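Chemist: I'd like to ask some things about the structure below.
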Amino acid sequence: MDKQTYITLADGNRMPQLGLGVWQATNDQAENAVHTALDNGYRSIDTAAIYQNEEGVGKALSTTSVPRESLFITTKLWNTDQQHARKALTDSLKKLQLDYVDLYLMHWPVPEQGHYVDAWQQMIELQKSGLAKSIGVCNFQPAHLLRLEAETGVKPVINQVEIHPLHAQLELACWQKCHDIVTESWSPLAQGGNGVFDSEIIQALSKKYAKTPAQIVIRWHIDRGLVVIPKSVTESRIIENLAVFDFKLDKSEVLAINLLDQGKRLGPNPYTFSRAD
């Protein structure tokens, strides 16, 4: 068990269970991080229009020796572009220097705007046209997800949400599994640990498996069946974060980490987040 594992989405497409996130990275940082990641075995890269680093990711993708068909590239539709999804994706593809993305995500529901169902319908058409192989969402709650399927007949194959040991999202992940929606974790290390790494259980497992606290937490996501995208621009940490396929937590250890859950969000609440700039 030393190779990357994959998750099969409801549309039949596969994605690596572990990828590199580039949130808060500059273009130069993103370019270097993606080069490091691809050179060391990563095949999944997660960016977004609002990150303003798609150009950097694109530069790395344009010069890598990894075949395009082996890559899984994700970007996202920002809130202010929900009425213009085709243009937004076309702009992203130009910056990424790609003909298509493997996964296109709606970044937030922003329910007060009232556009997310229309945006989803546009994304369905983008998938049909081949510009996005798979389509999904971020930060949606069951009510939002149910509305999408009820009004369009198509449900997202994946929902990327804030998940870390302080906010384990056990109920949502279970609900989504029952509805054949893959759960993907953002901020998976609780933004640098936030006290998680020093907890008794993480320290004990770190010693038991001779792994860093970050590796233990990443493995917790994987053993829960989640897709996980830890962010780093540091070469040593990028390499370290991928070195989690030579061990596995047992069920009791996963459950013990679950007990760290405080329902503590470190990011915005998807029911109230309305940023539109």
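The values are calculated or read from the model by the stated rules, or taken from the named source; none is laboratory data. What you see is a predicted model; the values in this text were computed from it and never measured. Virtual Cβ from ideal backbone geometry, glycine too; neighbours counted across all protein chains shown. The accessibility values were calculated without ligands, DNA or RNA, using every heavy atom of the protein model including side chains. Shrake-Rupley method; radii C 1.70, N 1.55, O 1.52, S 1.80 Å.
Chemist: Tell me which residues, restricted to the stretch 118-160, are within 16 Å of A85 (Cβ to Cβ), part of a helix (DSSP H, G or I) and open to solvent by less than 20 Å² (accessible area, probe 1.4 Å).
Modeler: Within the stretch 118-160, A119, W120, M123, I124, L126, L148 meet the criteria.
Chemist: Can Y51 be described as closer than 21 Å to V157 by Cβ and among the aromatic types (F, W, Y)?
Modeler: no
Chemist: Please go through the stretch 180-212 and give me each residue that is outside any loop (DSSP other than H, G, I, E, B) and in contact (Cβ under 8 Å) with a residue 12 or more places away in the chain, ordered by number.
Modeler: V182, T183, E184, S185, W186, I201, I202, L205, Y209
Chemist: Return the residues of the stretch 213-263 that are assigned to a helix (DSSP H, G or I), over 21 Å from L172 (Cβ atoms) and of a type in the set (A, V, I, L, M); say none if nothing qualifies.
Modeler: First, the residues of the stretch 213-263 that are assigned to a helix (DSSP H, G or I): 213-223, 235-242, 251-258.
Checking the rest, the ones that are also over 21 Å from L172 (Cβ atoms) come to 213-216, 235-242, 252-253.
Correct list: A214, I216, I238, I239, L242.
Chemist: Condition first: without any contact (Cβ under 8 Å) to a residue 24 or more places away in the chain and part of a loop (DSSP other than H, G, I, E, B). Now tell me which residues in the stretch 166-179 satisfy that.
Modeler: Selection gives Q169 alone.
Chemist: Pairs only if they're at least six apart or on different chains, beta carbon under 6 angstrom, first in the stretch 246-259 and at positive phi, second surrounded by fewer than 13 Cβ atoms within 10 Å (Cβ to Cβ) and at pLDDT below 95; list them, first residue then second.
Modeler: none
Chemist: What number of residues in the stretch 1-22 are modelled with pLDDT under 95 and farther than 14 Å from S70 by Cβ?
Modeler: 2
Chemist: Ok, one more. So which of A204, A190 ends up being among the small types (G, A, S) and buried (at least 17 other Cβ atoms within 10 Å of the Cβ)?
Modeler: Selected residue: A190, the only one of A204, A190 that is among the small types (G, A, S) and buried (at least 17 other Cβ atoms within 10 Å of the Cβ).
Chemist: Now for a different question. Restricting the search to the stretch 38-58, which residues are under 17 Å from V101 (Cβ atoms) and either charged (D, E, K, R) or in contact (Cβ under 8 Å) with a residue 40 or more places away in the chain (or both)?
Modeler: Y42, R43, S44, D46, T47, A48, A49, I50, E54, E55, G58
Chemist: Give I218, I239 a once-over and let me know the one that is touching a residue at least 24 places away in the same chain (Cβ under 8 Å) and surrounded by 22 or more Cβ atoms within 10 Å (Cβ to Cβ).
Modeler: Exactly one residue qualifies, and that residue is I218.
Chemist: Give the number of residues within the stretch 87-109 that are surrounded by fewer than 19 Cβ atoms within 10 Å (Cβ to Cβ) and closer than 21 Å to Q160 by Cα.
Modeler: Residues flagged as surrounded by fewer than 19 Cβ atoms within 10 Å (Cβ to Cβ) and closer than 21 Å to Q160 by Cα within the stretch 87-109 amount to 1.
Chemist: Could you list, in sequence order, all residues of the stretch 223-277 that are of a type in the set (A, V, I, L, M) and within 30 Å of H35 (Cβ to Cβ)?
Modeler: L226, V227, V228, I229, V233, I238, I239, L242, A243, V244, L266, listed by residue number.
Chemist: Find the strands (runs of 3 or more DSSP E) located wholly in the stretch 1-92 whose residues include 2 or more that are out of contact with any helix residue (DSSP H, G or I) (no Cβ under 7 Å at 6 or more places or on another chain) and among the β-branched types (V, I, T), and list them.
Modeler: So the answer is 6-8.
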